[in-house]
Amino acid sequence: MEKEIHFKIKRQQGPDAQPYWEEFKMPYAPSHNVVSALMYLREHPTNTRGEKVDPVVWDCNCMEEVCGACAMIVNGEPRQACAALIDDLEQPIELEPLTKFPLVRDLMVDRQKMFDALQQVKAWIKVDGSWDIHRHAPLVSPKVQDIRYLFSRCMTCGCCMEACPQFHEGSSFVGPAPLGQVLLHNSHPAGEYDKEERLHAVMGDGGITDCGNAQNCVKVCPKDIPLTDAIARLGRQTTAQWLRDLFTN
Amino acid sequence: MATKPKVIVVGGGLGGLWATLRIAESGFPVDLFSLFPVKRSHSCCAQGGINAVLDVKGQRDSIWQHVVDTIKGGDYLAQQPPIKNLCEAAPGIIRTYDRMGVTFSRTPEGSMDQRLFGGVKNRRTAFAGATTGQQLLYAADEQVRAFEAEGKVKKYEEWEFLSVVLDDEGTCRGITAMNLVDMKVHAFRADAVILGTGGLGLIFGRSTMSTNSTGAAASRVYQQGARFANGEFIQFHPTAMKGHDKNRLMSEACRGEGGRIWVPKTAGDTRAPNDIPEDERFFFLEEWYPAYGNTVPRDVASRAIYRVTRHMGLGLGGEDVVYLDLTHHPREFLEKRLGGILDMYQTFSGEDPYTQPIKIFPSTHYSMGGILVGYEKDGETGGMVPVHPKNHASTIGGLFACGECDSAYHGANRLGANSLLSATFSGIVAGDASVAHVKGIKKRADDTADAAYDNEKKRQDDINRKLTSPTGKENPFALHHELGELMQGHVFVERDNKGLDQAIEGLKKLRERSQSMCLDDNGTWSNQSLSWARQIQDMIVLAEVIAKGARLRDECRGSHYKAEFELKIPEGKFEGDPEFEEYKAKWKANNDKWLKATIATHADDGPEIEFKQIDTSVLPPEKPRDYR
């Protein structure tokens, strides 16, 4: 028998529709990944019962694991589907949408919450303007740069949010990814000027103290970003800030 | 009280984000439209770096040399005055990114490091590991988010641009766009519109580009009357890895950091690469181009690979594949300088690039051509007037273009690490130009009759209705494969007129077939098939522009190569040798005939092409490109 790729995909026509599982089989070829296989299936959308169905809907863009679009649950694990190689996966391959974000359709979800959180924690460096002021930012030591670079590769894919037990519909916890961005921006020589503002943004309800230290976030991060280190460091910084606040008020 | 004029920016990659920033800073409201959250834009795929003369490597680098390299890299086909401004602005742009917090790679003393890239001799490329585009995109994204928080920018993400709304005089007064969740079409008023919608690599089927880089938006305004320039100039990047879904780029930084390209000297050598001794390896770029070696420009490298694989039969496994070898570097060095992409190679190929040479081949990568945009020349400096409503203006009044979808700066071939620069710079210029435009505007979008918007919306609704009520049997995804095969078969690294005629004929048929599609999804909720069906129709139209331009251009220039018309540099002869001087005279005569921009105008039965003079006043074409 010819080799096949066997998928079991959790589908849902829209946010208010009932979810259901649908199976698909397609011819095997080496070096397929989940997205390239989904591309084959959208062209040949026939399920294992021989029914022609609506093509599966999902998000993707860069296909190089840098844009963050194609995060979904592959065989129980949140990850980038483009970097999930078929040869490394047990079959049937189960695909599900991320569960912590509002569902749009099939494997597509709305991760606006994460972008809102970036606004909430003021994840930017304040500059006078986008014009040249004829000088660089202050020097950054290669050591600090190396640490900052770890965090600046966060692509807002949502895997850490999915894995975090504290981040869910009923909680106001901001989640691991935005906390990493607080550390990134606080460690820039000019970003440091607004350190307090960012710390205050994560000190209240839904802030850093809501982290339950489950350590799931680092395990699933596709970029190996040391999110728990960031949270630990921020924890110390917010405690110090709390004390400072106490004495200055 | 009258409201402030508003600008719509379409596309949230580097170009669109910078345009948005400039407009918001000037105090005008901006609506920013994107197919997806802007942070996922294709700019994040740029790896190696961004060019700017900082002269921090003791090489006496100069802005003038950057200008020369860019103009010659583009084989003189770019309008020259704006290139001057581009290179002059570059160091300031880097300083600004630095202030915005970009994690640029550092020297031991904490200042910015620079690396070598193709087509130049100086270390001029600033970089952030091997994810420079991602880092720059995020910095611009963050600055725009700060304005968004203040209510000065409104984002429409998961929206597809469908068309511009034109008034009775043919001036752009807004856009129509489709909400990609509920699939409803809306019309939006604006006093200026900027397209920063990126490249068109998907027209070639597989490319190094993101799956949304279809060129559909550019095609749509082209079909509404905007001129399209230099379509035939497509960059084929020499170092990509093959995939089912896309070809993944292995940055030019690999060559810049000392990567060596080679094949076994004997055809059909089946030994593992590490078992082949040095003297049995053919380092063809080093041998043919000793002055630049492995860092020749991309067009030169891609053709050299074809020469080796197709004409000498030395490709690995008989294919257009060669080795890119970094294994002579220590792992620690590679991890630091190229980690991001080497890890990606490992993920997708399952092979270890730290100990095994990478397997690479040329792939569609970048479109030098695009929407024709203008500029106002500065009589005093010979450059472009920095702020002027003509800068980056398309041939449709009120419509501007920036980034890869425009046709400026790169001529017939783009230099590595100039794209992040031109995307940023053109976003700045287009943003400033749109502000100058709306400040001087006499008639406002608010004064435009509702009918203009209603009619355009109806036209778009009709297209959707037609596509979702099946008229034939064509599958839009299958049509895309055919389009890709046609373009890769006949409009690729090496071209000839017979093949191009076949391509043009084939595209015509594809265009007709794309009018009778049958979608597997006719629903009204997040219907990706509908969106793709619309895009494939528009991709075919743009493919015709590319193929026709290539057919008409009977010469070799930059990325466009037809063996029949090649002017060969006499081997072993240089400036002063009579053979070389004879070659140079022929080269000049050819320039008199062909040093012109290809301008396409849309017509129902295919593009109409005319040729337009190039302003070569900055660096007159006196010296041919010569990378030996």
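Odds and ends about this structure:
- Violating pairs (Cα-Cα greater than 30 angstrom) within the set B:LYS548/B:LYS586; B:LYS39/B:LYS442; A:LYS223/B:LYS57; B:LYS39/B:LYS612: B:LYS39/B:LYS442; A:LYS223/B:LYS57; B:LYS39/B:LYS612
- Diffusion constant of region A:4-109 at 37 °C, which comes from Stokes-Einstein with the Kirkwood Cα-pair radius and 0.692 mPa s, µm²/s: 239
- Computed FRET value (nearest 0.05) for B:GLN346 with B:LYS184, which takes r as the C-beta separation and R₀ as 41 Å: 0.40
- Karplus 3J(HN,Hα) series, Hz, for region B:277-291 with 6.51 cos²θ - 1.76 cosθ + 1.60 (x for Gly, Pro): x, 3, 6, 9, 10, 9, 8, 5, 5, 5, 6, 7, 10, x, 5
- Cβ-defined net charge surrounding B:LYS573, 11 Å radius [Lys, Arg +1; Asp, Glu -1]: -4
- Residues of region B:58-78 with amide N under 16 Å of the 7 Å Cα→Cβ point at B:ASP626: B:72-73
- Shape analysis of region B:369-513 based on the Cα gyration tensor places the equivalent ellipsoid semi-axes at 35, 28, 12 Å, largest first.
- Based on DSSP H segments of at least four residues, each scored -39500 (n - 2.57), chain B has a per-residue ellipticity at 222 nm of -11500 deg cm²/dmol.
- Hydrodynamic analysis of region B:230-331 uses the Kirkwood radius over alpha carbon pairs. Inserted into Stokes-Einstein at 25 °C and 0.890 mPa s, it gives a translational diffusion coefficient of 171 µm²/s.
- Against the compact-protein benchmark of 2.2 N^0.38 Å, the Cα-based radius of gyration of region A:112-248 scales to 1.06.
- Set of region B:292-326 residues, backbone N closer than 19 Å to the point 7 Å along the Cα-Cβ line of B:ALA272: B:316-317, B:323-326
- Total formal charge among the other residues, if their Cβ is under 11 angstrom from that of B:GLU280, Lys/Arg +1 and Asp/Glu -1: -1
- For region B:236-290, the share of alpha carbon pairs falling in successive 5 Å distance bins from zero is 4, 15, 21, 21, 22, 15, 3, 0 percent.
- Judged by the mean number of other Cβ atoms found within 10 Å, the most tightly packed of the peptides B:252-259, A:125-132 leads the ranking B:252-259, A:125-132.
- Using the Karplus relation 6.51 cos²θ - 1.76 cosθ + 1.60 with θ = phi - 60°, the per-residue 3J(HN,Hα) values for region A:173-185 come to 4, 5, x, x, 4, x, 5, x, 6, 5, 4, 4, 6 Hz, with x marking Gly and Pro.
- Over the C-alpha trace of chain A, radius of gyration and Dmax come out as 21.2, 76 angstrom.
- Of interest is the spacing of the C-alpha centroids, which for region B:232-287 and region A:92-140 amounts to 36 Å.
- Shielding by partners - mean other protein chain Cβ count within 10 Å, residues of A:33-40: 3
- Links that overshoot a 20 Å alpha carbon limit, given the list B:LYS242/B:LYS562; B:LYS84/B:LYS390; A:LYS126/B:LYS84; B:LYS473/B:LYS508: B:LYS242/B:LYS562; A:LYS126/B:LYS84
- Distance histogram for region A:87-163 (every C-alpha pair counted, 10 angstrom bins, percent rounded to whole numbers): 13, 29, 29, 18, 10, 2
- Point-to-point label distance, B:ASP592-A:VAL53, nm (Cα→Cβ direction, 7 Å offset): 6.8
- Estimated 222 nm signal from helices in chain A, with DSSP H stretches of n ≥ 4 weighted -39500 (n - 2.57), rounded to 500: -9500 deg cm²/dmol
- Size-normalised alpha-carbon gyration radius of the protein assembly as shown, reference 2.2 N^0.38 Å: 0.91
- Volume of the convex hull of region B:459-604 (Cα atoms only), normalised per residue: 133 Å³.
- Proximal charge balance of A:PRO45 [Cβ under 13 Å; K/R count +1, D/E count -1]: -3
- Overall dimensions of region B:356-406 as given by Cα atoms, namely Rg and Dmax in Å: 17.1, 55
- When you restrict to C-alpha pairs under 8 Å that are six or more residues apart and normalise by the size of chain B, the relative contact order lands at 21 percent.
- Relative contact order (%) - criterion: Cα under 8 Å, at least six apart; region: region A:4-109: 33
- Cβ-Cβ FRET estimate between B:GLU109 and A:TYR28, R0 fixed at 60 Å, reported to 0.05: 0.65
- Relative contact order of chain A, defined on C-alpha pairs under 8 angstrom at six or more residues apart (%): 16
- Projected area averaged over orientations for region A:183-235, convex hull of C-alpha atoms, nm²: 3.9
- Under Karplus coefficients 6.51, -1.76 and 1.60, residue-wise ³J(HN,Hα) of region B:435-450 in Hz, glycine/proline x: 5, 4, 5, 6, 5, x, 6, 9, 10, 9, 4, 4, 7, 6, 4, 4
- The mean of 1/r over all distinct Cα pairs in chain B, once inverted, gives the Kirkwood hydrodynamic radius of 24.8 Å.
- Centroid-to-centroid separation of region B:153-198 and region B:322-338 [C-alpha atoms, Å]: 45
- Dipole magnitude for region A:4-109: about 280 debye, using +1 per Lys or Arg Cβ and -1 per Asp or Glu Cβ, origin at the Cα centre.
- Violating pairs (Cα-Cα greater than 18 angstrom) within the set B:LYS155/B:LYS443; B:LYS6/B:LYS184; B:LYS246/B:LYS336; B:LYS154/B:LYS457; B:LYS4/B:LYS439: B:LYS155/B:LYS443; B:LYS6/B:LYS184; B:LYS246/B:LYS336; B:LYS154/B:LYS457
- Inter-label distance, nm, simple model (7 Å from Cα along the C-beta direction), A:ASP132/B:GLU319: 4.5
- Once Rg and the Kirkwood radius are both taken over the C-alpha atoms of region B:239-397, their ratio Rg/Rh works out to 1.12.
- Peptide A:131-144, shielding by other chains (average Cβ, 10 Å cutoff): 6
- Long-range tail of P(r) for region B:529-597 (Cα pairs > 20 Å, %): 50
- Within region A:74-182, GluC sites (Glu not before Pro) in DSSP loop having at most 11 other beta-carbon neighbours inside 10 Å: A:GLU90, A:GLU169
- Amide H within-cut-off set for B:LYS377, under 5 Å, with H built and near neighbours excluded: B:VAL385
- Full extension of the segment from B:ASP496 to B:GLU608, taken as 0.36 nm per residue of separation minus the current Cα-Cα distance, would add 38.3 nm.
- The base-10 log of I(q)/I(0) for region B:142-294, evaluated at q = 0.10, 0.11, 0.13 Å⁻¹, reads -0.63, -0.71, -0.85 [Debye formula, identical scatterers on Cα atoms, solvent excluded].
- Normalised radius of gyration (Cα atoms, divided by 2.2 N^0.38 Å) for region A:139-209: 1.20.
- In region B:127-209, the alpha-carbon atoms span a convex hull of 164 Å³ per residue.
- Alpha-carbon centroid distance for the pair region A:155-233 / region B:18-60, whole angstrom: 26
- Here the convex hull built on the C-alpha positions of region B:53-136 has a volume of 100 cubic angstrom per residue.
Quick note: the coordinates plus some simple rules give every number you see, no bench work behind them. Computed from a predicted structure; not experimentally measured. With ideal geometry, Cβ positions are generated from the backbone for all residues, glycine too; neighbour counts draw on all protein chains shown.
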